[in-house]
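Notes to accompany the following structure.
All of the numbers you see were taken from the coordinates with simple rules; none came from a lab. These numbers come from a predicted model, not from an experiment. Cβ placement follows ideal geometry from the backbone for every residue including glycine, while neighbour counts extend to all protein chains displayed.
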Amino acid sequence: DYWPRGAREPWLRGVAVPTLVLNARNDPFVPGTSLPKDAEVSPWVHLEQPLSGGHAGFPDGRFPGSGDWLPRRLAAFLATALQDNHERLSAAEPAPA
């Protein structure tokens with residue numbers, strides 16, 4: 001029951017807002033072979049699939065690692081998404097009379 005209802009299709013094809021989907025290819029619970037491909041998601045979805053990171057929040061550096069990579073990555077993605085959205089809206093606005 002979980003896989004049919006939890007499958008990514010059609011969910012990722014229908015996304016209409018900037019979305020970061022971040023999955024490590026070495027995640028022991030979500031095999032790399034099951035990760036979505038660009039052709040399977042909407043243009044709003046940015047797939048990021050680093051080779052490592054596992055299932056524990058992408059620790060960085062030597063064991064036990066720093067936990068600041070993920071928050072920094074999310075902040076960078078959001079900043080880019082906000083800038084892109086602002087540029088799209090500005091381009092769509094008519095010039096002042």
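In loop segments of region 43-94 as defined by DSSP, the trypsin sites (Lys or Arg not before Pro) with at most 13 further C-beta atoms inside 10 Å of their C-beta are R62. Need one number: nm distance between label points at N26 and H55, each 7 Å from Cα along Cα→Cβ, rounded to one decimal. According to this spin-label approximation, the distance is 1.5 nm.
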